[in-house]
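Structure record follows, encoded as structure tokens.
Just so it is clear, none of the values below were taken in a lab; they were calculated from the coordinates. What you see is a predicted model; the values in this text were computed from it and never measured. Every residue, glycine as well, gets a Cβ built from its backbone with ideal geometry; the counts of neighbours run over all protein chains shown.
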């Protein structure tokens, strides 16, 4: 049951090989996280999809029987949607989801389109372009910052504080992680304090009203909600947008190029959705803890032990067929910002193709540098040529 390939290898282009291997045998493997913590790793569409939606699989670290601590967040950041479950999760998620509801999608798209258009306009018209530093990295902070109501002059500090939290091995990056967490806690608390004095029509002001007016959020839940929105909306969306652009540029540059009309409001979102299903950057869902002994493909996983679900092995599973991809998860922990993330990828691609109709890749993808993470398959560079 032990995988012969390291499932937590970082900065490798061999992610499909690793995750396809996780489907072998029973699809249930015993291994260790980089910090030495024992885990069960589960692969394959059927098992992963079922466990994501299983009410017996908790995201709350308090349900761990092996003293799992993860990044050991301070309580004011730890009470976020990724780390709570049950009635508390339902209450906080209901409040959070309202800010991402369909009635806000048009307004969100305007924010995203404006940010993408401005970033693209600031880059050279021809020659070699770095779309990572020029577009993919700055876009998510601008979007989330605007929607949350964070002052523009603070966004760089938020982005700097968020980055170490995606370290491949938090046990070896302790000082950097703890420093980043302290900075993030101060930044979020300051932003909330500012919004209490100067409320607006942004997400933070709405959540503060729920906390201070209706008392439906604790102060820790409020801070943690803002924290999770920032973390989820920065690095993961950067990785997603970069892969979508890289894949689409390669489509166009292939011997049999795929026609992509950047001005067509219908075809581009469809293409991006298909690309996300194929190359979504998140390798694993957040760890889960069974609330009772559970059986997966004939293997019993004891209550409270750490379970890591391979989203990549599920999405690339031939047996998936026409069933939905699991790029943004499934069930009660499905990513509430999925629609916004897709919109960012669509608009970034749209304005890139409108500005540079003849983009070409500078390197094979296998030659591109990667960020050091096992959680995501994330490009560290995106050099293209605009002829």
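What to note about this one:
- Approximating the spin labels as points 7 Å out from Cα along Cα→Cβ, the residue 270-to-residue 297 distance works out to 3.5 nm.
- Based on C-alpha pairs under 8 angstrom that are at least 6 apart in sequence, region 228-387 has a relative contact order of 29 percent.
- Once Rg and the Kirkwood radius are both taken over the C-alpha atoms of region 29-92, their ratio Rg/Rh works out to 0.99.
- Cα-derived Rg over Rh, computed across the chain with Rh taken as Kirkwood radius: 0.95
- Sites residue 157 and residue 198, calculated FRET efficiency, Cβ-Cβ separation with R0 22 Å, nearest 0.05: 0.70
- Region 15-386, relative contact order in percent, only Cα pairs under 8 angstrom and at least six apart counted: 30
- Region 266-344, relative contact order [Cα under 8 Å, separation at least 6], %: 29
- Counting 0.36 nm for each residue step from residue 212 to residue 98 and taking away their Cα separation leaves a gain of 39.3 nm.
- Label reach from residue 107 (point 7 Å along Cα→C-beta): in region 120-158, amide nitrogens under 15 Å belong to 144-150.
- Calculated FRET value between residue 17 and residue 332, using beta carbons and R₀ = 41 Å, to 0.05: 0.85
- Were the residues from residue 75 through residue 383 laid out at 0.36 nm apart, the gain over their Cα-Cα distance would be 106.9 nm.
- By the compact-protein rule of thumb, 2.2 N^0.38 Å, the alpha-carbon radius of gyration of region 56-162 corresponds to a ratio of 1.42.
- Extension gain, residue 66-residue 32: 0.36 nm per intervening residue step, less the Cα-Cα distance, totals 11.0 nm.
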